[in-house]
Amino acid sequence: MKKPLLITTLLFLALVSSCREPLCIFPKEPQLPNKEFPIGSTESYYYVDLSAEINNEPRDNDYDYYFDVVGLPAGMDYFVNYRTISLEGTPEVSGIFDIVIYLEVEGPFRNDYDDDPVELCNYGTSKTYTLIVE
């Protein structure tokens, strides 16, 4: 009875040790928060921000973050401040907008990263948010 368990364990260890990719049981990857955007109006300034992180990575401040946004209504733009992206402006048209935020990270670059090299399971992610403008 113990022999099949031993063989299975040895095969698993051989498989894991032969992979060049990181084992992602607890995935280290960039993450955008789940957030419901407040309803906007064509008559007033709109502002919302999101902070990105790398889950399961305590040194996520040591990475560089790159954002891109698709689907913003006319009159709005986005601005990046390190790990925080801000969507702001006065929307010119009403409607329901699906806004896709793309995030890529590189690093780690700071705090002696060579001493303990880290490989992430993924270096990019995206998330779709809904913006309602009345």
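You will find that of THR130, THR125, the residue that is at pLDDT 95 or above, β-branched (Val, Ile, Thr) and either over 20 Å from SER44 (Cα atoms) or part of a loop (DSSP other than H, G, I, E, B) (or both) is THR125 and no other. Within region 37-69, if we keep just the residues that are aromatic (Phe, Trp, Tyr) and in contact with a Lys or Arg (Cβ under 9 Å, 6 or more places away or on another chain), the residue that is surrounded by the most Cβ atoms within 10 Å (Cβ to Cβ) turns out to be TYR63.
For TYR45, the requirement of being under 30 Å from ILE25 (Cα atoms) and among the hydroxyl-bearing types (Ser, Thr, Tyr) is not met.
For every residue, the table says whether it meets (1) modelled with pLDDT of 95 or more; (2) in contact with a Ser or Thr (Cβ under 9 Å, 6 or more places away or on another chain); (3) at positive phi; (4) part of a helix (DSSP H, G or I).
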site: LEU10; (1), (2), (3), (4): no, no, no, yes
site: GLU36; (1), (2), (3), (4): yes, yes, no, no
site: GLU43; (1), (2), (3), (4): no, yes, no, no
site: TYR47; (1), (2), (3), (4): yes, yes, no, no
site: LEU50; (1), (2), (3), (4): yes, yes, no, no
site: PRO58; (1), (2), (3), (4): no, no, no, no
site: VAL69; (1), (2), (3), (4): yes, no, no, no
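Restricting attention to region 75-119, the residues that are at pLDDT below 95, assigned to a loop (DSSP other than H, G, I, E, B) and within 14 Å of PRO30 (Cβ to Cβ) add up to 5. Cβ-Cβ contacts under 8 Å between residues 6 or more apart (or on different chains), taken from a first residue in region 80-97 that is surrounded by fewer than 16 Cβ atoms within 10 Å (Cβ to Cβ) to a second residue that is in a strand (DSSP E or B) and of a type in the set (D, E, K, R), are listed as THR84/ASP49; SER86/ASP49; GLU88/ASP77. Exactly one residue out of PRO27, PRO73, PRO108 is touching a residue at least 24 places away in the same chain (Cβ under 8 Å) and farther than 29 Å from GLU119 by Cα: that is PRO73.
The values are calculated or read from the model by the stated rules, or taken from the named source; none is laboratory data. Being a predicted model, the structure only gives us computed values, none of them experimental. Ideal geometry is used to build each Cβ from the backbone, glycine not excepted, and the neighbour counts take in all protein chains shown.
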